[in-house]
Each structure stands twice: as structure tokens, then as C-alpha cells.
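See structure below.
The values are calculated or read from the model by the stated rules, or taken from the named source; none is laboratory data. Computed from a predicted model, the values in this text were never measured in an experiment. All Cβ positions, glycine included, derive from the backbone under ideal geometry; neighbour counts span all protein chains shown.
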Amino acid sequence: MVDFIQNTLDGIALGSAYALLALGFTLIFGVMGRLNIAYGPCIMIGVFAGAGVYSDLTQSIVMIFVATLAGTILASAYVERVSFAAIRADAALASMVSTFAVWMQLEEIVAHLFPARTYAFKELGHLSLIEAGPFFLRQESLFMLLVTLAVLLGLALVLGRSHFGLELRALTDSRRAAIISGINVRRIIFLTFLLAAMIGGVAGFMIAMSDGQVTPKFGLWATMKGLVAMVIGGLASLRGAVLGGMLLGIIEAQAQWYFGASVREILVYAILFAALILLPRGILGGPHTVWRS
Amino acid sequence: MASGLRVSNLSLKYGGVSALCGLSMDLAPGEVIGLIGPNGSGKTSFLNLVTGFEFPTEGAIFFEGQELTGKSAQSIARKGIARTFQNLQVFSRLSVYENMRAGCHRCSKPSSSFWQFKAARNAEKERILSLLDCFSLADMALDTPEALTLVQLRQLDLARALASEPKLILLDEPAAGMTPYETDQLAKTLQDHVLNGRSAIIIEHKIDFIAALAKRTFVLSAGRAIADGPTDEVLCDKDVRRIYLGECG
Amino acid sequence: MMLKLEGMSKHFGGVKAVDDVSLTMNEGEIFGLIGPNGSGKSTTINLITGLYAPTSGTVSLEGRDLTALAQHERTALGVARTFQNIRLFGNLSVAENLWVAQNGHKQRRQHFISRWFKAGGLQDTNIDELLRFSRLHSKKDSLASALSFGEMRRLEMARALASNPKVLLLDEPAAGASIEDGQLLGERIRAVRDRGVSILLIEHMMELVMGITDRMAVLNFGRKIAEGTPSDIQSNPDVRAAYLGTKNKNKEPADA
Amino acid sequence: MDVYTITVLANIALFSFLAISAWLLLLVGEISFGQQAYFAIGAYTGGVSTAVLQLPFGIALLMAIAAGGLFAGLVAIPAMRLSGLHFSIASLAFAELVRSVLNVFQYQRWVDGYLTGPDGVNGFRDIRWIYDAGIDPGTYFLMILGCLSVVMLGVVMASYGRGMTIVRSVGENRRLAAAQGMNATRVRIITASVAGAIAALGGTLYAHMATYIEPAQFGLMIGVHSLAYGLIGGMGTVFGPLLGVLIDIGALETLRIFSGYRMIFFGGLVALVLIMRPRGILDEATVAKVQRWLRG
């Protein structure tokens, strides 16, 4: 029982990173009804930019963060132009395939610019454990949780309080009604991509810091985790994304502890496949998507 | 009446809105019925219910004594009920010939040898070409539907419905968008090639067209049948004219 | 003149959905547009709002050419519409629905900060007034998807009005309504006109169109076949032919 | 022909199986990112059959085809209730599931003094049937070509009959196809199963040429490539996916000027074709034009 609770604690910390990735997917899926499979690779560009700054220019954590964010945003803007803005509105799957094509390009670019493949990233400093009875929480876990909460709070403010947020929610609700209400749809979509890129950049920065290194596998990893978390939670539901991320984190931590890493992988994909078939709308994605926070 | 189409007390509701309210209709084999009414009165909903595109909230549908309620669209089509569409539906990526082939489901039998297969294919080809000929589409057989005009597309839709040799054919505004001359031509084609002995339900706004083809007419308004009887009587009905032209008295 | 179409055509492949249509709507007018199914009415609306680019022809509002503008830019200049099938933001509240439409096109003119942090309050006298006008004030905070059918129709019209339009295009507002509802609808449309909005009404319910429009035009096969006051139209033989399929020479069944 | 040329040609032929497999699903209206799963299933089934169980090559081919078709059918039965995006994600999930299962899959036996068989992440060595049977690469290439011809002939025969018409109609408009009396669900499941069988056939041919396979070879990018081949080449004819393979492997991989930048060019090409010609170079309209021209 102690193990189980400890695993759940670890899982929540890991899951908060997944939740952020799923949020990025969900925002884009919400406004466009399309998947940006290249979301993970875009974040990968960001963390490599951060690693590049760290190894060649400066140790400053702010500069590394800025580089990570800038890299992610730049790559996302490219994806938005090539794979979304340029493809006909009714060809959602063509967009999805196109993001795969861009993914190939991004991976090759990283392979050329960073030939050593694995690079060091600024680490989170000294690691100490916070203990409470039989349980303990790693400092990096606490850091992940706090960052995730901060991002969620910021996102809730933007969506609930700002005019851009209202327009984003309106567009998610009905594209045609949004157009006729005078919303500049292309602008909102572009801004949503940037918002998702910012969330992804923060998530990437946080994950790279806790790992202390970056590899080209990050792209596939981030895309798969975000996708699984989003599907479990429910497509286009923000609360679902957070819940799905947490659930995925907990399931992974438990499976890792009780069965080992390879079974964990099998389990994750089996759950994704089963969730799609048994719960195609996810846990929180009802007939109407749940946007209100 | 076991052998025709029998519809009893058919209702369809979306949320709180009734598209159709307790409609009943009997269609004898070989009978042609006209179905008229303003937009949103439930004509297309009725067709969708009969062909299994939608399922009724209440009521039942029988064809040749068998219940169709709840059956899938493909099994209803296989029983010999074909339809055309008001908003044109053709396979835009298939050629005209292949569109016709897609409709040939009721006549293709499994063949045991290649030669039998080849003979069946040639028979199918002849049938399709002769049907296309009836609608003067034979020259366009290898074109994709993009090359066709609106009238030709409507004819293709109709020809494809006939390719399955249906017992009952449901036409949803077959003359929409046609000029009076084209409408007359269509009425003649229908009379000569389509309606000989086949039962049909025709939805149309052009009343002359209905009058020429159907002996009996139903009028729908807001999901209810407000008139039913011989076509010429129905068309003189005051209520009917009021709904169509806003005539007073 | 308020809205003007000149030589508008829209061809889809070989199909002439709208063919050389010219219309002029005056300020404060209720203008009816009728015609059988497939005659090009909806295409005309879509050409005015900018969903389709015309094959040829121009559309202008108060003398300003709209032809090259995007949909949201036309909304900003004062063209609003409703849909035959209601389109609302089902997961936004009634007030938020109106707020989106009122402010959607104003972004560049307002101060950045106030724009970002204003939506939370939703205190706006215009919106309050509009809610009262549409008898939706008590439902202000409920989700649009929770409204009844009639309330949804009212909200849709209110949302169109929230963008402060000069011209309102109503696409079959009476579809799915009974005849009694239709009469109420007529009064509402007049009330909207009295707010200073010109109205283009597409409708099949003839009683409604004949009853409230000042002038009307009839489309058939994408062409305008008649224009005039409702009584002109009612007696026009071409129109009768288009609607009843009766050729002019033939005996009118109604005379029997 | 030198060995290099033969290897390139054989690769083109082998990828064509995958490309045709993904293309068939495109025709029936679904985008699958997971055909590499059946390629892997075929490779492992075929490899185990000849190397571990010592079965004849022909039997191995049949077993691989059966396994691919069976798995694809079993996956399709639930997955075809989904559509569009959900189906695509499900295909991706299944492919990664297969790969992670293969990572732990062990089935090793002593054969002729060697320990042989799949060994999880370490891969599956010594699928030596070609060498044991004394077949030179040129002959094996001809065998691959023969199998590919049979598959393509099958597709051509299906368009001669009503088969392809049915597949294409269901792919374009399921409701309209149902109104023509087609059972859309059954058509989709059968098509998926046939596509799986074709991929598995390619997989087992690949395993015997490579002699060594490992789960990492059947990653997501292989699936995306095979899908992209059909999209680039075109949906109008079975030569479309072949054209796609030729462009990627025949030109981009072999030409020196692209070396190191192949993915950037190929990715850009895919993105560009999707924007300019959503149904590929040889799309239905082009094929119809060519057919008319051929018949005068």
C-alpha cells in the first residue's frame, strides 16, 4: 500500500508534465479539429536550442528558458503555415499527414545542427527529498507540479478572462458561427498555435531540466505522451487533458514499479488502443466538448 | 396491401422539434404517388426514414409484408428500394460508368469461373450502357462527374438508382434546377423508362410535373399530412394553394 | 441605397447557381428574396457575406465595395446574418455569445489591456438592452445549448444584432416554426427594422413574406425573374409558373 | 547488375508492398499510420517459420499472409467503428503496441547447433533460408518482383470486376454507398484485412533478404513513409504508390546531391503535394483523362 501511494505521488509529478503536453494538443485540436503531430518535434527544436545556448553561450537560466521558448515558437509557427494555413479547410487528415512530413524535416535539421545527438541541459541544482512519514517527494517532482499549476492558472486566466480566450472558446465551439460573428479565424488559430507552443516550451524546459540532457527521441516521446493523455481525457476538453495526463502518469508509475519498463510501454499503447475503441470521446469529452473551467 | 409499401404513424423528432408527426401511407405495387409541401415540411425526412438513413421515433414501415423499421440502409436497398437525392449525391472520384456500376448490386451474382465472370461483366456493361443511353449519357461514360452539367448529374443519379432494378423508387426533387423544357423531357423519360409498372414516390415543387406522373398526391405541412387524394383534386385545394403562394381566398 | 448587388454570378463547374443577379436594397427596408429550391437564394446570401467569391459582379454596402473583403471584415462593416440551421456557441453562455459578436471585429480599435481583461465582467449596457429586447434576460448566464428551440432562434437573431449591423440577412427564420410562431416572427422582424437595421429576408412561408416585406425579388434558376411590391409579385405570371410549374397559357387550377 | 543496384531495386519493391497496403486503406477512406505493424508481423511470422520451425519458404509466405490478414481483420473489427482521426490514432497505437510487444517477445530454439529465434530488443538473427537454399540476390529479387506482380495483378483484376468500385465508393461516401446496397462496414474490414496481408507478405520477403530484423526497424516513420508514398504518387491507380516509392527511394535516397538532406526534401515534397494536389500526382481525374486518351 505504501508503495502504491508512493507510486501515485511520483505518477502525479510525471503526469503533470504529460498534462501540459496534452493541453497543447488539445488547444490546437479545439480550434482546428486537427492534430498537430509535429507538436513534440517542435518542442524538441526548442530544447535543443536551449541546450545549444547552454553549451556554447551562457549558463543563465533565463537565457536558456528564452531560447527554449523561442525555438518552440519558431518551429510551431512554421508548422502552422505549412501544414495548417496552407491546406484546405476540409482536409483535416491531410494536415495530419503534413505535420508528419514536417516532423521528418525537423528531425533531420536537428541531426545536422546537433550531430552528437545527446546534449547536456542545465540541471535543476541540488536534489533533496522532502519526507513526510513513509512518503517522500523529490524536489524535481515538486518543481514540475508547481510549474504545471502556474501554467494552468495562467491558462485559465487567459481563457476565462481575456477577450482572446473568449474568442478561442467561441471558435472551438462553432467555426461558422465564429466567422459570422466577425472573428478573424486565421488570426485566432495562429495565436492559439503560439499559446500551445508556449505551453509546450515550458513543458520541454521543465522536462529537460529534470532529465539534465536532451536527445532527438524527445520529439516522438513528447508527441506520444501528449497524444495518449489527450485521447484518454477526451479530445478537445481542457480538463480532460489535465486528467488524462495525471492518469497516464499514475498508470505509468504503477506499471513501472510492479512490472518493469517494457511492460509499461506495452500497457500504455494497449490502454490508448482500448480507450479509443471503448471511450472514443475520452473520459470528459461528452457530446459537447467541455470547455468551461 | 401486403405487397406494397405500408407506413403507419411515422414520427421523427430532433430534440424538441418534430420533423414528421404520425404520417401514414399505403402504396400499392405499381402506384405512383406525388409528395408536395413547403420547405421543412418533412418530405426529405420521410424519404430518409423509408431508406434507413434515419430511424423513426415512432411508427413502422413495411415493404412487401416485411418490416423495414430499424433495418440498415444497405439491407433496405437490397430489398429493392432505390432513391435519388435532392442535393445531388454522386461519387465524384468515380467515372460515370463506375458510378453506374456502384449501383448494380442487386444483379451481380457470384461467378464460379473466369469465363462466367467475364460474361457477367459483359452483360452488366451492356445494361449500364443501355441505361446511360436512355439518359443520353453514354458519351460521357468515362468522364468523371466534374465534366457533367447539373441536368446530367441529376440524370446520372436517376440512372444509378435504376441500375439496381428496384421495385420501388423514391425521387427527391428530380427536376430541381431544370428549365421547363428539361422538366418536360424528364417527365417523358420517367414515363417511358422508369415508371412502367414500378412503384414510385416523387417529391417535387413543380406541380405540373407531379400532375403528369402521379395519380395520387400527398401534401405535407409542418410534418403532418394536410391533404391526400387524387392529384387534380388536391391541387385545387385552397389550403394547398395558400401555403404555396400565400394566396388569400 | 444600403446594399447593392451588381451583375452577381456564381458558377460551380457547369452549374450556374447565381446568374447575373442585380439587387438594390434601400435603407430601413425589409426586402424579401424568394424562389423555389435550388434557385440560388442561399448562394446569394453566401456571396453577400463572403463565404463564396463571385465568378463575376460586385457587392457594395453604402457605396463601399465589399467584393474583395473577407467574411469577418464584412461583419465589421455591418453585414450580419442568421442561419437556416441554427449556429450558436453551445458551450458559451447567452451573454458570452453576444459578447463575442459585439467585440469580434473591434480588436484593433480598443486598447490592448482593456481588451484582454474585459471579458470577465461582461457588464455592458448594449448587451443588457439586447437581452431585454430578445426576451432572454432571465437566461443571461445559462448555456446556449440549454435553451429551447424558440429561445435559440431569438438568441441567434440577437447575436447577429450584437455586431451592430446595418444589414441583417435572415435565412429562413421561420423554418420549423408553426404558422402562429410565424406571425410573432413577423412582429419581431419589424421591431428589428425599427432599430434602424435593413433586412434581407429569405423565406418559404409565403404568408410571412407577403405580409411584412416592403419590396421583394424572385429568383429562379439563379436568375432574377421578378421584382416589386408583394402584390405585384403575387399577380406576376412568371412567378406563378416558377412556383406551381404552371405554364402561363394553361388554365389556373385555382380558378376552378 | 551489381549488388548495390539489386539492393536498391529490391528495397523499392519491398516498400511497394507497404505503400500499396497503406494506399488500399486510403482508397477506402481511412488514413493508417500503422501498416508497419503487419509488415513486422509478416517478418516475424515468416522468419520463425523458416528459421525456427524449418518450414518450406512457400508455407512461410502463406503463414505470414494469413497472420497479417488475420491480425489486420481482428484490429479492423473494433477499429472500423471509429473513423477519421480516431482510426488514424488507433492504427498508430496498434503499431506501437506491436513494436513494444516485439521488444519483449522471445522464442528461441536450438537449430543445427545455433540458438535462433526472436530475442526481444536484441532482434532476430540468422534468417538464413536464402543462403541455405543457395539463392543468389538476383534470383531473390526476381522472386520479390514476382510476388509484387501478383499483388498488383490482383488489384487490377479487382478493378476489372466490381471490387475496386465498391472500395472506392465506400471510401468516398459511406452513406451513399449504403444506399447502393453495400455493407460499408464489411467492405472496410475486408479491405483492411487484405491490406494487412499484403504488408505481411512484404514483411516476410524483407526478413529473408535482410536475414536480421529487430523491433526498432518497424518504427512509426516507416509507416508514415508508406502512407506518404500513396499520397504523393496518387490515388487514381495502383501505380501511384509505386511512383511514390520510386521518387523517395529511387531518386532521393540514391542521388548524391540529396544525401544527408533526404528527409528535408522528402518532407517538403509531401507537404507541397498535399497543398497542391490533395489526391496525389496520379489522381483519379488524371487517370480518367489518360484512359480516355488511350482509348482514343
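Among the numbered criteria (1) at pLDDT below 90; (2) assigned to a loop (DSSP other than H, G, I, E, B); (3) more than 16 Å from the chain's Cα centre (by Cα), which single criterion is violated by B:PHE55? Looking at each condition in turn, B:PHE55 falls short on (1). Selection of the range A:134-170 for residues being of a type in the set (A, V, I, L, M, F, W, C), crowded, with 21+ Cβ neighbours inside 10 Å and either under 13 Å from A:ILE199 (Cα atoms) or more than 14 Å from chain C (Cβ to nearest Cβ) (or both) yields only A:MET144. Checked against the criterion of being in the same structural domain as B:ALA211 (by TED's automatic domain parsing), within 28 Å of B:GLY37 (Cβ to Cβ) and not in a helix (DSSP H, G or I), the candidates B:ALA176, B:ALA187 yield just one match: B:ALA176. Residue count for the range B:191-209 satisfying the condition of being more than 10 Å from chain C (Cβ to nearest Cβ) and either free of Cβ contacts under 8 Å to residues at least 24 places away in the same chain or out of contact with any strand residue (DSSP E or B) (no Cβ under 8 Å at 6 or more places or on another chain) (or both): 5. For the residues B:ALA163, B:ALA175, the requirement of being of a type outside the set (D, E, K, R), touching a Lys or Arg at 6+ places or on another chain (Cβ under 9 Å) and closer than 22 Å to B:LEU68 by Cβ singles out B:ALA163. Checked against the criteria, A:LEU20 counts as part of a helix (DSSP H, G or I), touching a residue at least 24 places away in the same chain (Cβ under 8 Å) and buried (at least 24 other Cβ atoms within 10 Å of the Cβ). Which one of these is within 9 Å of chain D (Cβ to nearest Cβ) and outside any loop (DSSP other than H, G, I, E, B): B:GLN74, B:GLN89? Among B:GLN74, B:GLN89, only B:GLN74 is within 9 Å of chain D (Cβ to nearest Cβ) and outside any loop (DSSP other than H, G, I, E, B). For the range D:46-68, give me each residue that is surrounded by 23 or more Cβ atoms within 10 Å (Cβ to Cβ), within 18 Å of D:VAL194 (Cα to Cα) and either without any contact (Cβ under 8 Å) to a residue 60 or more places away in the chain or not hydrophobic (A, V, I, L, M, F, W, C) (or both). Within the range D:46-68, D:GLY46, D:GLY68 qualify. Could you check, for the range D:104-118, whether at least one of its residues is modelled with pLDDT of 90 or more and either in a helix (DSSP H, G or I) or over 22 Å from D:GLY42 (Cα atoms) (or both)? So far as the range D:104-118 goes, no, none of its residues is modelled with pLDDT of 90 or more and either in a helix (DSSP H, G or I) or over 22 Å from D:GLY42 (Cα atoms) (or both). Residues in the range B:10-41 that are modelled with pLDDT under 85 and in contact with a strand residue (DSSP E or B) (Cβ under 6 Å, 6 or more places away or on another chain): B:ALA19, B:GLY37, B:SER41. Residues in the range C:24-63 that are out of contact with any Leu (no Cβ under 7 Å at 6 or more places or on another chain), within 14 Å of chain B (Cβ to nearest Cβ) and small (Gly, Ala, Ser): C:GLY38, C:SER42. Only one entry in B:ALA141, B:ALA163 is more than 16 Å from D:GLY163 (Cα to Cα), touching a helix residue (DSSP H, G or I) at 6+ places or on another chain (Cβ under 8 Å), surrounded by 19 or more Cβ atoms within 10 Å (Cβ to Cβ) and within 11 Å of chain D (Cβ to nearest Cβ), namely B:ALA163. Selection of the range A:231-244 for residues being at pLDDT below 90, in a helix (DSSP H, G or I) and within 14 Å of chain D (Cβ to nearest Cβ) yields A:VAL231, A:ILE232, A:GLY233. In this structure, C:ILE212 does not qualify as surrounded by 20 or more Cβ atoms within 10 Å (Cβ to Cβ), within 11 Å of another protein chain (Cβ to nearest Cβ) and modelled with pLDDT of 85 or more.
Look at B:ALA28 and say whether it is surrounded by fewer than 17 Cβ atoms within 10 Å (Cβ to Cβ), of a type in the set (Gly, Ala, Ser) and without any contact (Cβ under 8 Å) to a residue 60 or more places away in the chain. No, not satisfied.
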